[in-house]
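Engineer: Sharing a structure, written as structure tokens. Questions coming.
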Amino acid sequence: MKNRHKNILRTILLLSTALLFAGCDTTQTTSGKDYISKYEPASAFASNSRIDHEVREIASVEPILRFPARIGLAKIHNGQISNLSEAEAEAWTEATSELGSAFGEFIPVSPLIAEMVYTKSSNVKGQNAAEVVRKIRLGSARQHLDAVLIYEVFSKTDQKTLPTAVANWTIIGAYIVPSKESKTVGYANALLVDVRNGYPYGTADARATEIDLSTMVNQYSNKRRQGNEAQVAAALNLVPEVVTMFEKLQKELPKE
């Protein structure tokens, strides 16, 4: 009876979830060798500027990915490598089927393997973004992955007080009368990078929006739940953008 009462309250209090998304994808298959060749040979190293040498060194990387390939999936949540949700795992499995056998396969990067092979850089304090990516590449290398899709999910919630908030002054009203409207936007940003040489093959992003109503009593628990749901929804909206990106790459990259 108690659970039934909770379900009835939830049905009354919650506004239907609205999921909206907008995403885009970009690809890169340019040659570092061709890019460097645009420098005048006579003046290529004329400057002793450190950044000039760094630019040339960073630019001199080639797209070596070939399909079919073993593509890693590395989800970052709260700055850490995270396991995929059940819904995400199913979506990536469907994406593999959609891309076909010529694509290869998606393989989740194991957080345990990444931790096992990772040693923190001596000159780095804390866990910055570069170290997280480094850890992912090391874990992916141990799993013999060709490239890894690194995607991060996060969310932002804005709340506004409704006129019905006057009911919060009553004990029953605080429990059953919606007094807050929450709008949560979930974001998912992805980067496809070669495990072996760090070449960035493409990026993709997507978002999802949820609008919900809460009472004064459950506003904080609803905010957490809504944030988690918006993040998963954004990750699911990311999948078709990534599929489009891989379809482009399959056409642009040389065949074996």
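Just so it is clear, none of the values below were taken in a lab; they were calculated from the coordinates. What you see is a predicted model, and the numbers here were worked out from it, not measured in a lab. All Cβ positions, even for glycine, are placed from backbone atoms using ideal geometry, and neighbour counts span all protein chains on display.
Engineer: Give the order of I136, I64, I113, I81 when sorted by the count of other beta carbons within 10 angstrom, beginning with the fewest. List each step's numbers first, then the result.
Structural biologist: Details: I136 25, I64 13, I113 16, I81 22.
Taking fewest neighbouring Cβ atoms as first place, the list is I64, I113, I81, I136.
Engineer: Rounded to the nearest 0.05, what FRET efficiency do N78 and S37 have when you use their Cβ-Cβ distance and R0 = 51 Å? Walk me through the intermediate numbers first.
Structural biologist: On the way: r = 43 Å, r/R0 = 0.84.
Calculated transfer efficiency: 0.75.
Engineer: Neighbouring Cβ atoms within 10 Å as the yardstick, rank K33, K75 fewest first. Write out the running numbers ahead of the final one.
Structural biologist: Details: K33 11, K75 24.
Result, fewest neighbours first: K33, K75.
Engineer: Additional query: Grab the Cα-Cα distance for S60 and K183, subtract it from 0.36 nm times how many residues apart they are, and report the gain in nm with one decimal.
Structural biologist: Extra length available between S60 and K183 comes to 39.8 nm.
Engineer: Another question, if that's okay. Output the pairs from K135/K255; K33/K251; K75/K183; K120/K248 with a Cα-Cα distance over 27 Å in this structure; if there are none, say none. Please report the intermediate quantities before stating the final value.
Structural biologist: On the way: K135/K255 30 Å; K33/K251 21 Å; K75/K183 24 Å; K120/K248 36 Å.
Among K135/K255; K33/K251; K75/K183; K120/K248, the Cα-Cα distance tops 27 Å for K135/K255; K120/K248.
Engineer: Also: Could you please rank V148, V239, placing first whichever residue has the fewest other Cβ atoms within 10 Å of its Cβ?
Structural biologist: On the way: V148 25, V239 22.
Going from least to most buried by this count: V239, V148.
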